[in-house]
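Below: the structure, in structure tokens.
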Amino acid sequence: MNKHIKVFSGTQIFVSRLSQLLDEIKIPYLIKDNQEAGRLAGFATLGNSVDVFIYESDLEKAQSTINDFKHEIEADK
């Protein structure tokens, strides 16, 4: 069975950009929005609470795209 691994946690804006990049290289992903889930359940969460998961088997293919994305957002800080 193919296992999901978390490759990024951040704001919804950053997650949207990363998901766009993963779409371009045809890597399937899951987004877990802890802020929205908390809001619907009646409590709040703080910080970077949107996570991106990919299949462990896709990590090698996606690694350079993820690294480039992380360097890009670090340069903007």
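Read the figures in this text as sums done on the coordinates, not as results from a lab. Owing to the predicted nature of the structure, the values given are computational and were not obtained by experimental measurement. Methodologically, a virtual Cβ is constructed for each residue, glycine included, from the backbone with ideal geometry; neighbour enumeration extends over all protein chains shown.
Summary of computed values
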read-out	value
Residue-count net charge about F53 - beta-carbon cut-off 13 Å; Lys, Arg +1, Asp, Glu -1	-1
Theoretical gain in end-to-end length, K26 to F53 [0.36 nm per residue, Cα-Cα removed]	8.3 nm
Relative packing of 10-20, 64-74, which averages over residues the other C-beta atoms within 10 Å, highest first	10-20, 64-74
Extended-chain gain in nm, criterion 0.36 nm per residue less alpha-carbon gap, N34 and S16	5.0 nm
Neighbour-count ranking [beta-carbon atoms within 10 angstrom, fewest first] of D51, D58	D51, D58
